[in-house]
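Where a number appears in this text, it was derived from the coordinates with a stated rule and is not lab data. All values reported here derive from a predicted model rather than from experimental measurement. For neighbour counting, all protein chains shown are included, and Cβ atoms are generated from backbone atoms with ideal geometry for every residue, glycine included.
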Amino acid sequence: MWELIPVKERKLYTLLEKLYFAENPLTLKDLSHEIDSSRRTISYYMEELKTRVADTGGFLETSAEGYILVLSKNISIDTFQHQAMQASPSLQLIETLFLKNEMSGIDLENDLHISTSTLGRMITKLKDKLSDYELTLGIHPYQIIGDEFLVRRFFTSYFLETYGYQAWPLPYIDYSEIEKLVDSLFQIDSIRFETVNVHKFILFTAVSIIRERFGHNIYFSKLADEHHQADEFNHMRSQVNAWLSHVDIDENKKELYEKIYTFYMFYYFSPYTKETISQSNPRYTEKIEKRLSQLAQSFDLPLTDFNHIATKIDDMLYQNSTLSYAKPLDTYLIFKPSDYNMLRLYSRKYPHFYDALTRLLYELYDLYDIDPDKINDEELLYLIISRWDNLSFHLYQKYNSCHILVYSPNSYRHAENIARLLQTKLERGCQITVYGEPILNKQRLNNYTFDILATAGSVHLDIEQPIIALHNGMNRRHLQQLFKAIDDAFKNNCQKTHDASVIISEWTSKMDSFHS
């Protein structure tokens with residue numbers, strides 16, 4: 001889909017993205033290398049970028065070191081993603097086909113103000129891209145066709161990426177009524193709503209209403225043809241009906257909403273329910289739960305309830321293995337959701353943990369007989385990382401923080417005052433605890449977990465952790481030894497993930513026991 005955006009827009013966005021994520025200024029040479037264009041061309045693009053960024057309230061800072069992007073405080077990169085997509089005639093064609101259903105070539109040429117030859121080129125390119133999603137383009141009349149559930153997912157992703165979370169692109173649909181449905185659903189205790197993308201839920205509803213109005217019945221989806229899913233489907237339908245019976249909406253619309261939400265919730269929501277829906281087909285939820293628990297133990301992380309994660313993974317992989325949808329796990333067309341940046345962070349900060357998760361997924365692909373090349377690892381990795389309770393906090397505490405124990409021979413209060421002063425000096429992830437015993441010795445220190453012992457005087461003890469005698473001045477120059485010890489502690493704690501990954505490799509080789 002990226003190729004459907006005009007070349008110039010792609011290059012402008014790529015430049016902006018590089019500047020957005022850059023930690024240091026980027027020169028023309030750096031940027032020229034990134035998008036494979038001459039410096040002269042880059043200079044031209046940068047002038048246009050300056051105008052676009054300025055239009056949003058930001059600016060491009062230029063210095064001898066290079067360019068720095070400074071966005072307005074309420075603007076993020078998604079603003080420019082929307083601009084890039086809205087500038088694409090091919091994507092405008094997709095939107096027109098959705099909003100006006102069956103159209104002739106003449107209709108499209110007039111609507112988009114393009115020639116017959118231009119339309120022909122756009123149609124050829126669009127057909128090629130749609131095939132990745134198990135969709136195609138019918139031409140008599142023109143319309144996007146394929147499994148109805150996939151068609152709706154496709155258009156939902158399109159509108160979300162093109163218009164974002166605040167603009168409402170479908171004026172024919174009553175947003176307030178769908179908002180009322182969401183509010184009522186939010187009140188249901190049996191649904192874990194904390195990881196649901198609410199706006200996507202709203203857009204899917206709106207897309208489904210329009211598709212039903214045009215006569216595209218959701219019952220034509222392959223999901224409806226899976227006879228062995230009948231029990232689960234009926235269970236979900238009864239739950240949806242029970243919910244809708246308490247919502248104040250027109251009775252004539254309830255049948256439509258019951259149809260839409262039974263399918264949506266069956267595919268997406270069953271893993272979110274606190275009481276898991278009984279499934280008649282063979283499942284591996286318990287095995288996945290067990291693997292996730294082993295992973296947590298190997299990295300010395302607290303155990304948590306993995307059932308909702310395991311159920312969702314099981315459901316997604318099962319659908320993938322049985323329905324053979326192309327790109328079944330992709331939740332985006334061009335631009336990854338902003339929270340996917342967590343994957344970038346985890347792969348850099350906790351590479352051994354990230355690798356262990358990836359190896360676990362490949363075990364699961366083998367279990368479900370899925371070709372790894374035909375599945376999006378990122379979607380599953382994001383699912384695990386984003387829904388694992390307090391995972392970022394626990395990893396940070398375990399592998400990215402430094403625990404400083406403060407001791408003063410003068411008094412506990414003196415040590416406490418030093419600890420408070422240190423907290424104002426250390427702008428990083430340091431936990432500071434005061435040594436609370438009246439006597440300091442090696443035996444009593446065994447009762448504490450710490451990386452550095454910071455003292456208010458000279459101390460001689462044979463312990464593994466470094467001892468730093470704090471300078472009376474307590475300014476930045478005097479704290480250099482402490483800063484170095486903190487950096488070393490960070491490195492040592494990060495190394496723990498490597499040690500844990502060695503343990504992981506032992507149980508990843510036990511595939512036979514996993515399959516049994």
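Listed by chain and number, the lysines whose alpha-carbon sits under 21 Å from that of Lys18, ignoring those within fewer than 8 places in the same chain, are Lys8, Lys29, Lys50, Lys73, Lys336, Lys349.
At what distance in angstrom do the alpha carbon centres of the stretch 127-204 and the stretch 64-119 lie from each other? Taking the Cα centre of the stretch 64-119 as reference, the centre of the stretch 127-204 is 18 Å away. Sites count as exposed loop sites when they are GluC sites (Glu not before Pro), lie in a DSSP loop, and have at most 12 other Cβ atoms within 10 angstrom; the longest stretch of the chain without one is 276-426.
When only C-alpha pairs under 8 Å and at least 6 residues apart count, what is the relative contact order of the chain, in percent?
Values: 525 pairs, mean separation 52.3, N = 516.
Averaging sequence separation for qualifying contacts and normalising by length gives 10 percent for the chain.
Think of each Lys and Arg Cβ as +1 and each Asp and Glu Cβ as -1; about the Cα centre, that makes the dipole of the chain roughly 1740 debye.
What's the long-distance tail for the stretch 2-77, i.e. % of Cα pairs beyond 22 Å? The partial results should precede the final answer.
Numbers: 468 of 2850 pairs.
Cα-Cα pairs of the stretch 2-77 separated by over 22 Å account for 16 percent.
Pull out the extension gain between Glu65 and Leu440, defined as 0.36 nm times the separation in residues minus the alpha carbon to alpha carbon distance; nm, one decimal.
Numbers: separation 375, 0.36 × 375 = 135.00 nm, distance 5.14 nm.
Between Glu65 and Leu440, full extension yields an extra 129.9 nm.
The lysines whose alpha-carbon is closer than 26 Å to the alpha-carbon of Lys254, local same-chain residues fewer than 8 away aside, are Lys100, Lys180, Lys200, Lys222, Lys274.
Step by step: find N for the stretch 285-396, compute 2.2 N^0.38 Å, then divide the Cα radius of gyration by it. What's the final number? Please report the intermediate quantities before stating the final value.
Working: Rg = 13.7 Å, N = 112, 2.2 N^0.38 = 13.2 Å.
After normalising by residue count via 2.2 N^0.38 Å, the value is 1.04.
Within the chain, DSSP assigns beta bridges of which about 50% are antiparallel (rounded to the nearest 5). Sparse packing (at most 12 other Cβ atoms within 10 Å of the Cβ) combined with a DSSP loop state is found for the following trypsin sites (Lys or Arg not before Pro) in the stretch 3-100: Lys73. List, in order, the whole-Hz ³J(HN,Hα) value for each residue of the stretch 370-384 obtained from phi through the Karplus relation with A = 6.51, B = -1.76, C = 1.60 and θ = phi - 60°; use x for Gly and Pro. So the Karplus estimates, Gly and Pro as x, are 10, 6, x, 6, 10, 9, 8, 4, 4, 4, 6, 4, 5, 4, 5 Hz.
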